[in-house]
Amino acid sequence: MLLRRVIQKCEIQEVSVQEASSGNEAVAYLRGIGSYENRDQFPYPTFVLTDLKMSDGDGFTVLEHLKSTPHSAVIPTVVLSASADPDDVKRAYSLGASAYLVKPSDISDLTRMIQTLMAFWMTCEVPEVDQAGVQLKTKSTGKLGERFEHNAKL
């Protein structure tokens, strides 16, 4: 809830925030199952921000799911945690985190951090996906990425 307030305070107009209260709920959202089936109401995310410490599946659960589904592993995924433990940092990156940030204790510092983070990721290009989060096939012929087409099942 605090993070939602900070994001609202940043007044980033193009951002639609969806929340999950646990790692397993976030995975259900990403998979589009259960109460998250309706992708018009619960669109596939273009950016994931997760904490590590949550009940019923932690942030590592979210990262493990993303890593196990290569079509969704391209989603920029940032860990925002109170933990500065080097093992947590190492594990998060090994599971595909795009970045790992330690939550500042001061709300104004957190607000600045989120503003910077959102400004950066909103300028980045990410592969297009369909409503289920599956990457759309592109035509690589004659492009630099052509050499990868035979390996990718996108």
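The table below lists the values:
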read-out: Nearest-0.05 FRET efficiency for R31 and L101, computed from C-beta distance (R0 25 Å); value: 0.45
read-out: Rounded to 5, percent antiparallel among DSSP beta bridges of the chain; value: 10
read-out: Region 110-134 and region 52-66: distance between their alpha carbon centers, rounded to Å; value: 19
read-out: Equivalent-ellipsoid semi-axes of the chain, from the Cα gyration tensor, Å, largest first; value: 27, 18, 17
read-out: Sum of side-chain charges, E64 neighbourhood, beta-carbon under 11 Å (Lys, Arg +1; Asp, Glu -1); value: +1
read-out: Lys pairs, the chain - Cα-Cα below 20 angstrom, 8 or more residues apart or on other chains; value: 11
read-out: Over the chain, relative contact order from alpha-carbon pairs under 8 Å, at least 6 apart, %; value: 22
read-out: Sparse-neighbourhood loop sites, trypsin sites (Lys or Arg not before Pro) in region 47-138 - DSSP loop, at most 16 other Cβ within 10 angstrom; value: K53, K137
read-out: log₁₀ of I(q)/I(0) at q = 0.18, 0.20, 0.25 Å⁻¹ - region 74-116, Debye sum with one point per alpha carbon; value: -0.54, -0.64, -0.87
read-out: Degrees separating the helix 59-68 axis from the principal Cα axis of the chain, which is the longest one; value: 0
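All of the numbers you see were taken from the coordinates with simple rules; none came from a lab. Nothing here was measured: the structure is a model prediction, and the numbers come from that model. For neighbour counting, all protein chains shown are included, and Cβ atoms are generated from backbone atoms with ideal geometry for every residue, glycine included.
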